[in-house]
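> Before I ask anything, here is the structure I am working with.
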């Protein structure tokens, strides 16, 4: 049986100095803040 292949892409935003502005970690934190309602709870859940 052949293996099933799935495409995956990582995306991040950079500024004019090519510094990461928004990556996977920050996106996860922002989602957790939205779900938990506080930065402290979100950070402890991550």
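The values are calculated or read from the model by the stated rules, or taken from the named source; none is laboratory data. None of these values were measured; they are calculated from a predicted model. Note that we place each Cβ from the backbone using ideal geometry, even for glycine, and neighbour counts take in every protein chain shown.
> Would it be correct to say that residue 3 is assigned to a helix (DSSP H, G or I) and at negative phi?
Here the answer is no, as residue 3 does not meet what is asked.
> Please determine whether any residue of region 24-37 is more than 15 Å from the chain's Cα centre (by Cα), at pLDDT 90 or above, loosely packed, with under 12 Cβ neighbours inside 10 Å and outside any strand (DSSP E or B).
Yes, region 24-37 contains a residue that is more than 15 Å from the chain's Cα centre (by Cα), at pLDDT 90 or above, loosely packed, with under 12 Cβ neighbours inside 10 Å and outside any strand (DSSP E or B).
> Does residue 46 satisfy the condition of being free of Cβ contacts under 8 Å to residues at least 12 places away in the same chain, within 13 Å of the chain's Cα centre (by Cα) and surrounded by 10 or more Cβ atoms within 10 Å (Cβ to Cβ)?
Judged against the criteria, residue 46 is not a match.
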